[in-house]
Amino acid sequence: MKHLRSTEELTPEDIDRLLVLADSMAEISARPVPKVPALRGITVATLFFEDSTRTRLSFDTAARRLSADTMNFSVSTSSVNKGESLRDTVETIAAMGVDAFIVRHKSSGVPWQVSAWTTASVINAGDGWHQHPTQALLDAYTIRGALGSLDGLRIAVVGDVCHSRVARSDVDVFTKLGASVSLVAPATLLPPSLEGWPVTVVPELDDVVADVDVLYLLRMQRERTSEALVPSMREYTARFGLTPERAARLPEHALVMHPGPMNRGVEMAVDPTELRRSMITAQVANGVAVRMAVLYDLLAGSARIPDLAGTAEITGDTAATEARR
Ligand code: CP
């Protein structure tokens with residue numbers, strides 16, 4: 001794999017390989033000194049044209065834990081504000097010597113454009129409504145860690161599916177791993193066509209809440225909604241929010257997940273710390289291990305990990321690493 005721009009580029013075997021690798025990366029992260037020299041000499045540039053807390057910081061942390069050098073581009077302090085184009089920005093940063101671009105942009109498809117302008121690997125950190133592949137991988141990793149496997153699980157994805165890149169990536173990864181996915185939303189928050197989506201649609205959260213293994217709440221994307229797609233936030237919460245009453249009806253083992261940032265009082269109308277099985281903090285923590293796995297998989301070539309229990313180095317494909325220097 002050279003790029004990770006969409007979950008559609010991943011087979012179930014690719015996903016499984018990355019999740020197994022993430023276990024090794026979680027072990028590294030738990031060490032007193034959570035750092036290995038696996039990507040020494042590699043430079044990773046984070047190119048974020050849209051706001052982020054979790055994705056940006058966890059990619060940065062992941063790269064540092066693997067000893068990669070990092071370059072952080074922030075649009076608010078860049079020459080984009082003087083009119084520099086996206087292509088000129090990418091080519092300028094690439095000229096400094098970059099092995100991987102991690103790209104977030106409000107427009108769908110930008111990671112594909114970037115990969116046409118540079119020889120570096122490109123990882124999609126969220127493009128418009130389209131894809132957020134590492135979020136889906138960390139979500140699958142979190143579910144697998146809590147429930148053992150996704151095969152046969154009933155997962156309800158609730159809320160603003162239409163504007164959600166997380167929903168598109170999650171549905172693809174969850175179903176590739178054998179889960180049954182229901183979309184729970186009003187018609188106005190569903191895509192105009194669900195042709196090709198391997199899902200069922202459920203119009204009311206109350207119809208599924210007592211019968212799920214995972215309840216995945218989506219953020220109401222107020223910044224991407226130009227018109228009132230629900231009568232009011234209060235009515236949205238009444239039908240689709242996780243209220244204390246609905247939380248009490250969840251099966252004991254059921255996980256509650258959210259990609260963040262949460263709208264408290266809207267989709268999350270209960271204190272998440274009072275939920276029996278909230279995975280929200282685990283999702284954030286697992287994001288580092290999963291992004292380490294993705295960076296390692298893309299950038300260390302045919303690497304192998306000889307001794308993760310001890311302090312030995314992760315040895316990568318040194319020829320590939322040298323070639324990138
Ligand atoms: N889940 C997610 O992408 O969060 P950030 O926008 O904070 O990166």
- Message: Please go through (1) more than 16 Å from the ligand (Cβ to nearest atom); (2) open to solvent by less than 10 Å² (accessible area, probe 1.4 Å) for Leu217 and return the number of the only condition it doesn't satisfy.
- Response: (1)
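Against the definition (within 21 Å of the chain's Cα centre (by Cα) and either assigned to a loop (DSSP other than H, G, I, E, B) or among the charged types (D, E, K, R) (or both)), how does Ser182 come out, yes or no? It would help to see each step written out before you state the result.
Values: within 21 Å of the chain's Cα centre (by Cα): yes; either assigned to a loop (DSSP other than H, G, I, E, B) or among the charged types (D, E, K, R) (or both): no.
When the stated conditions are applied, Ser182 does not pass them.
Out of the residues in region 156-169 that are within 11 Å of the ligand (Cβ to nearest atom) and free of Cβ contacts under 8 Å to residues at least 60 places away in the same chain, state the one that is nearest to the chain's Cα centre (by Cα). Don't jump to the end; show me each part of the working.
First pass over region 156-169, keeping only residues within 11 Å of the ligand (Cβ to nearest atom): 164-166, 169.
Filter once more, keeping what is free of Cβ contacts under 8 Å to residues at least 60 places away in the same chain: 164-165.
Values: Ser164: 12, Arg165: 9 Å.
Of everything passing the filter in region 156-169, Arg165 is nearest to the chain's Cα centre (by Cα).
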- Residues of region 57-70 being of a type in the set (A, V, I, L, M) and surrounded by fewer than 18 Cβ atoms within 10 Å (Cβ to Cβ), which ones? Leu57
- Would you check which residues across region 146-169 are part of a loop (DSSP other than H, G, I, E, B), open to solvent by 50 Å² or more (accessible area, probe 1.4 Å) and under 27 Å from Arg239 (Cα atoms) and list them? Gly152
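Return the total of residues in region 80-123 being of a type in the set (Lys, Arg) and surrounded by 16 or more Cβ atoms within 10 Å (Cβ to Cβ). Steps first, please.
Our first condition is that a residue be of a type in the set (Lys, Arg); within region 80-123, this holds for 82, 87, 104, 106.
Still in the list and also surrounded by 16 or more Cβ atoms within 10 Å (Cβ to Cβ): 104.
Number of matching residues: 1.
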- Message: With the structure loaded, tell me whether Pro191 is within 16 Å of the ligand (Cβ to nearest atom) and either open to solvent by less than 20 Å² (accessible area, probe 1.4 Å) or aromatic (Phe, Trp, Tyr) (or both) or whether it fails that test.
- Response: no
- Item | Filter result for the condition that a residue is of a type in the set (Asp, Glu), in a loop (DSSP other than H, G, I, E, B) and open to solvent by 40 Å² or more (accessible area, probe 1.4 Å), over Glu252, Glu245 | Glu252
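For Glu204, are the conditions met, namely being free of Cβ contacts under 8 Å to residues at least 12 places away in the same chain and away from the ligand (no atom under 16 Å from the Cβ)? Step through it out loud before you land on a result.
Working: free of Cβ contacts under 8 Å to residues at least 12 places away in the same chain: no; away from the ligand (no atom under 16 Å from the Cβ): yes.
Spelling it out, it is not the case that Glu204 is free of Cβ contacts under 8 Å to residues at least 12 places away in the same chain and away from the ligand (no atom under 16 Å from the Cβ).
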- Query: With (1) more than 16 Å from the ligand (Cβ to nearest atom); (2) farther than 18 Å from Ala156 by Cβ; (3) not acidic (Asp, Glu) as the list, and Ala238 as the residue in question, which single condition is left unmet?
  - Reply: (2)
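In the list Pro191, Pro231, which residue meets the criterion of being part of a loop (DSSP other than H, G, I, E, B) and either more than 17 Å from Val157 (Cβ to Cβ) or of a type in the set (Ser, Thr, Tyr) (or both)? Show your work before the answer.
Values: Pro191 fails: either more than 17 Å from Val157 (Cβ to Cβ) or of a type in the set (Ser, Thr, Tyr) (or both).
Result of the check over Pro191, Pro231: Pro231.
Determine, yes or no, whether Ile143 is within 16 Å of the ligand (Cβ to nearest atom), in a strand (DSSP E or B) and under 20 Å from the mean Cα position of the chain (by Cα). Before the answer, list the steps.
Working: within 16 Å of the ligand (Cβ to nearest atom): yes; in a strand (DSSP E or B): no; under 20 Å from the mean Cα position of the chain (by Cα): yes.
No, not satisfied.
With a cut-off of at least 2 residues that are of a type in the set (A, V, I, L, M, F, W, C) and within 16 Å of the ligand (Cβ to nearest atom), name the helices (runs of 4 or more DSSP H) lying wholly within region 51-138. If you could, list the steps in order and put the result at the bottom.
Details: elements: 54-65, 86-95, 110-117.
In region 51-138, 54-65 are the helices (runs of 4 or more DSSP H) which contain 2 or more residues that are of a type in the set (A, V, I, L, M, F, W, C) and within 16 Å of the ligand (Cβ to nearest atom).
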- Query: If a residue has to be of a type in the set (A, V, I, L, M, F, W, C), open to solvent by 20 Å² or more (accessible area, probe 1.4 Å) and closer than 23 Å to Thr92 by Cα to count, how many in region 25-56 make the cut?
  - Reply: 1
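The values are calculated or read from the model by the stated rules, or taken from the named source; none is laboratory data. Since the structure is predicted, the reported quantities are computational estimates derived from the model, not experimental observations. Cβ sites come from the backbone with ideal geometry, for glycine too, and all protein chains shown count toward neighbours. Please note that ligands, DNA and RNA were not included when accessible areas were found on the heavy atoms of the full protein model with its side chains. Shrake-Rupley method; radii C 1.70, N 1.55, O 1.52, S 1.80 Å.
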